[in-house]
Amino acid sequence: MDIQHNLNLIHQKIETACKEAKRNQNTVKLLAVSKTKPISSILSAYQAGQIAFGENYVQEGVEKIQYFESQGINLEWHFIGPLQSNKTRLVAEHFDWMQTLDRAKIADRLNEQRPTNKAPLNVLIQINISDEESKSGIQPEEMLTLAKHIENLPHLCLRGLMAIPAPTDKIAEQETVFRKMSDLFEQLKQALPNQQIDTLSMGMTDDMPSAIKCGSTMVRIGTAIFGARDYSK
């Protein structure tokens, strides 16, 4: 597995998608989804220039964060999985970003548990844009209520929105959903002009070009960087 080669390919694809969308490549950030992947793979990605990593499982993520901190390697860690209220302290204490915020109760706990010697925790509101019962996230019409709640929490910094649309290989369907997210992102910016709303996290390995075309500022790529995941461990 040549992780540096894979990262180069992804950056080329991001560059191509940005050119087609008439966007600057620097407006799209790559988040390497490293869940279930060993520290050695993350180290290879870091040595190839990757700084931001996404983890879905709290305990696994914290162990990786602590390892790299012990080595003096400063990475940016995003929590991108569903979060139970009994695990909020670990996210508040260790991660830099929490991308899947969908309840005021979780926001309150993260705010209370964020160490005061750390910068506010960057958070994204997760929208259940495809209205799937199996997916986390709030309904679009609930977005502003939650956003205004977060605005009053001093240890959280609301940065934007995140979505995991229902998978489809039909480009038109991908773009329809992503455009809905883009519209919500603009609504959020207008509603909270004093907040640093700059991040629209959408697009994965199979739908990244459509996401970039529709305004994504952060794509979450795992398999195309690290290879298929092994869940048997």
- prompt: So how many residues does segment 212-233 have that are open to solvent by less than 70 Å² (accessible area, probe 1.4 Å), farther than 12 Å from LYS29 by Cα and outside any loop (DSSP other than H, G, I, E, B)?
  reply: 4
field: Answer residue from segment 196-216, given it is touching a helix residue (DSSP H, G or I) at 6+ places or on another chain (Cβ under 6 Å) and among the polar types (S, T, N, Q) and is modelled with the lowest pLDDT among those
entry: THR205
- prompt: Name the residues in segment 16-31 that are farther than 27 Å from PHE79 by Cβ and either open to solvent by 70 Å² or more (accessible area, probe 1.4 Å) or part of a strand (DSSP E or B) (or both), would you?
  reply: THR16, LYS19, GLU20, LYS22, ASN24
field: Test for LYS148: is it out of contact with any Pro (no Cβ under 9 Å at 6 or more places or on another chain), open to solvent by 60 Å² or more (accessible area, probe 1.4 Å), outside any loop (DSSP other than H, G, I, E, B) and not hydroxyl-bearing (Ser, Thr, Tyr)
entry: yes
- request: Looking only at segment 78-87, decide whether some residue is assigned to a helix (DSSP H, G or I) and in contact (Cβ under 8 Å) with a residue 12 or more places away in the chain.
  value: yes
task: Please state which one of GLU20, GLU15 is within 20 Å of the chain's Cα centre (by Cα) and charged (D, E, K, R).
output: GLU15
- prompt: If we scan segment 108-125, do we find a residue that is within 16 Å of the chain's Cα centre (by Cα) and either of a type in the set (Ser, Thr, Tyr) or outside any strand (DSSP E or B) (or both)?
  reply: no
task: With the checklist (1) on the phi < 0 side of the Ramachandran plot; (2) touching a Lys or Arg at 6+ places or on another chain (Cβ under 9 Å); (3) not in a helix (DSSP H, G or I) in hand, flag the one item GLY160 doesn't pass.
output: (1)
query: Conditions: (1) under 30 Å from PRO115 (Cβ atoms); (2) modelled with pLDDT of 95 or more; (3) open to solvent by 10 Å² or more (accessible area, probe 1.4 Å). SER85 meets all but one. Number of the miss?
result: (2)
- line: Checked segment 151-177 for anything under 16 Å from ASN194 (Cα atoms) and surrounded by fewer than 19 Cβ atoms within 10 Å (Cβ to Cβ); matches are GLU151, ASN152, PRO154, HIS155, CYS157
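The values are calculated or read from the model by the stated rules, or taken from the named source; none is laboratory data. Quantities reported herein were computed from a predicted structural model and do not represent experimental measurements. Virtual Cβ from ideal backbone geometry, glycine too; neighbours counted across all protein chains shown. With ligands, DNA and RNA removed, areas are computed over all heavy atoms of the protein, side chains included. Shrake-Rupley method; radii C 1.70, N 1.55, O 1.52, S 1.80 Å.
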